[in-house]
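Comments concern the structure below.
The values are calculated or read from the model by the stated rules, or taken from the named source; none is laboratory data. Because the structure is a prediction, the values reported are computed rather than measured. Positions of Cβ are backbone-derived with ideal geometry, glycine not excepted, and every protein chain shown enters the neighbour counts. To get the accessible areas, we keep the full protein, side chains included, count just its heavy atoms, and leave off ligands, DNA and RNA. Shrake-Rupley method; radii C 1.70, N 1.55, O 1.52, S 1.80 Å.
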Amino acid sequence: MSKSYFQAPRGTRDILPDESGKWQLILNAFANLATRFGYGQVISPIFEDVGVFQRIGENTEIVSKEMFTFQDKDPKTPQNLALRPELTASICRVFAQHRPTTPWKVWYEGPQFRYEKPQAGRYRQFVQVGAEIIGENDPAADVEIISLAWRFYELIGLKNVSLLLNTLGDSETRATYNRELFSYLSENADNLSPESKNTLTKNPLRVLDSKREGDLQVINNAPTIQDFLNSEDKDHFDSVCDGLNSVNIPFSITPRLVRGLDYYTRTTFEFVADELKTAQNAIGGGGRYDGLVEELGGPPTQGIGFALGVDRILLACESERLELGTRKPLDAFVVDLTGGTHATQIADELRHSGLGVDRSFGGRSMKAQMKVADRSGALYAIIVGDDELEKNEVTLRDLRGDGTQVRVSRSNLKSTLLDSMKRRDS
Ligand code: HAM
């Protein structure tokens, strides 16, 4: 009878060493770029009071259906907690709690959790990188945020990315539009699918997101937000468009762009990977949320930001056949035929001087150890046998080039390897 074994929970994935090299590259590239743009990193808890996330919008699916919630175990301070489904609400909570000076420019990375129906590019645990500017109303802040995301895609070499841009107006405009949209959709409810009819009562804006054939005619004739913008909304949006043009970032104005979170005001945007043929082709999105900090107990404070989905960015890279750096090869692998103590010492000394070194365990045969050395991808094997030991030498075998080997005195091993690495790098 075969034993049953555990697997990663539904909607989660294990990233193994070959693939995690790509993750590291993406995460490092983002951290470096955000730092160059003048953003500092915030590391906040993975779980928060559920109330923090309820501000995303009680009628959004993220809040109503997808949160992983649990209770604090302390009976004296019962608290409903939730794994974070996104980081913008957390960042606003952090801001309201610590009150840093504004504009507060921050970036973050880490796993998010949403109880979604898993499919290609949609997971229950996924990683985002993101950035927010809190306390700034200047449309130049919108332009900077969008540029940071855009330059990041450029930096990692993604080519086929489209930027969809919209504005939802201020909270008043948005509320008026919501009412108008609701009455239009209600009048035309007979021509909507049962799913959209259901959505209509909870969140009319989300109906615009429907891809169902039958709904499209009603949606295409629906009023657009553009007809409701006030002059400040319009000026803000025009300045954002002018700013993006001035730094040559192409965009398409998409009046029916709907985001899955309710806190947005004015500028909203999404990045779509054109090569991704799956339904989940949004590789990032964001917008302004000028009321969120106040909702979380802070002073009235504007904010704008984005989050990019790293899992989907990697899928997009794959579909563009983009070669992202894999793991850096090891410099050397120590094959010790004298019991293993020398492998311990040599590996320690070389690692200390910055070289990437591995060794085998368990006193295996020369053949077995060389097989592991070859598989490790190391550039050199350092072989210590009885003869080498007697003469206080090691054998250095080139594993990636022509396979030549030389004897090197033990005391010269480190400098010989360092010189050889320098020559390879130059
Ligand atoms: P969002 O559109 O919900 O926005 O998520 C941003 C990105 O995270 C998506 O474009 C997608 O790439 C990725 N993503 C979302 N859900 C999943 C999933 N289930 N599996 C894989 N990837 C996923 C936000 O989260 C906002 N906090 C963005 C923001 C920041 N707005 C203002 N500031």
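Observations
- Just checking the listed ones, THR69, THR101, THR338: in the Gaussian network model of the chain with Cα springs under 10 Å, the one fluctuating most is THR338.
- Cα gyration tensor shape for segment 1-143, rounded if a/c is under 1.5, else prolate or oblate: oblate
- Rounded to the nearest whole Hz, the Karplus-based 3J(HN,Hα) values (6.51 cos²θ - 1.76 cosθ + 1.60, θ = phi - 60°) of segment 58-63 follow the sequence 4, 8, 7, 5, 4, 7, with x at glycine and proline.
- Förster-model FRET efficiency, 51 Å R0, THR101 and ASP387, C-beta, rounded to 0.05: 0.15
- Legend: residue pairs LYS22/LYS117; LYS73/LYS202; LYS22/LYS105; LYS159/LYS211; LYS3/LYS277, Cα-Cα distance threshold 28 Å; pairs beyond threshold, LYS73/LYS202; LYS3/LYS277.
- Cα gyration tensor category, rounded, prolate or oblate, for segment 332-425 with a/c compared to 1.5: rounded
- Between helix 341-352 and the chain: long-axis angle, C-alpha atoms, 0 to 90°, nearest 10: 50
- GNM flexibility winner over the chain from ALA29, ALA381, ALA89 (Cα, springs under 10 Å): ALA381
- DSSP-loop trypsin sites (Lys or Arg not before Pro) across segment 214-315, with at most 11 other Cβ within 10 angstrom: LYS277
- The trypsin sites (Lys or Arg not before Pro) of segment 37-100 that DSSP puts in a loop, and whose beta carbon has at most 11 other beta carbons within 10 Å, are LYS65, LYS73, LYS76.
- Using alpha-carbon coordinates, inclination of helix 366-376 to the longest axis of the chain, degrees: 30
- The amide H of THR301, built 1.01 Å from its N in the peptide plane, has VAL293, GLU294 as neighbours under 5 Å, considering only residues 5 or more places off or on other chains.
- Cut-off under 5 Å, modelled amide H: who pairs with SER360 long-range: VAL334, ASP336
- Among PHE361, ASN412, GLY340 - extreme Cα towards positive end, dipole of segment 332-425, charges at beta-carbon: PHE361
- Only protein atoms count toward the accessible area here, which uses a 1.4 Å probe; on segment 381-426, the carbon and sulfur part of that area reaches 44 percent.
- Helix 413-425 vs. the chain, principal-axis angle (Cα, 0 to 90°, nearest 10): 50
- Part-to-part distance (alpha-carbon centres) for segment 83-127 and segment 317-359, which is given in Å: 35
- Most simply put, the chain has about 80% antiparallel DSSP beta bridges, counting only bridges with both residues inside it.
- For LYS422, the aspartates and glutamates whose Cα falls under 13 Å of its own Cα, not counting residues fewer than eight places away in the same chain, are ASP331.
- Shape class of segment 141-245 from the Cα gyration tensor (axes a ≥ b ≥ c, square roots of the eigenvalues): oblate, since a/c reaches 1.5 or more and a/b does not exceed b/c.
- Residue-by-residue Karplus 3J(HN,Hα) for segment 388-401, coefficients 6.51, -1.76, 1.60, Hz, glycine and proline x: 4, 4, 4, 8, 6, 10, 9, 9, 10, 10, 6, 8, 10, x
- Relative to the current alpha-carbon distance between GLU154 and THR416, full extension at 0.36 nm per residue lengthens the span by 90.4 nm.
- Only beta bridges with both residues in segment 332-425 are counted; by DSSP, about 55 percent of them are antiparallel.
- Dividing the summed helix terms, -39500 (n - 2.57) for each DSSP H run of n ≥ 4, by the number of residues in the chain produces a 222 nm estimate of -11500 deg cm²/dmol to the nearest 500.
- Per-peptide average of other Cβ atoms within 10 Å, ordering 237-245, 194-202 highest first: 237-245, 194-202
- Sorting 160-167, 214-221 by their mean Cβ neighbour count within 10 Å, with the most densely packed peptide first, gives 160-167, 214-221.
- Per residue, the accessible area of the chain comes to 51 Å² when a 1.4 Å probe rolls over the protein heavy atoms.
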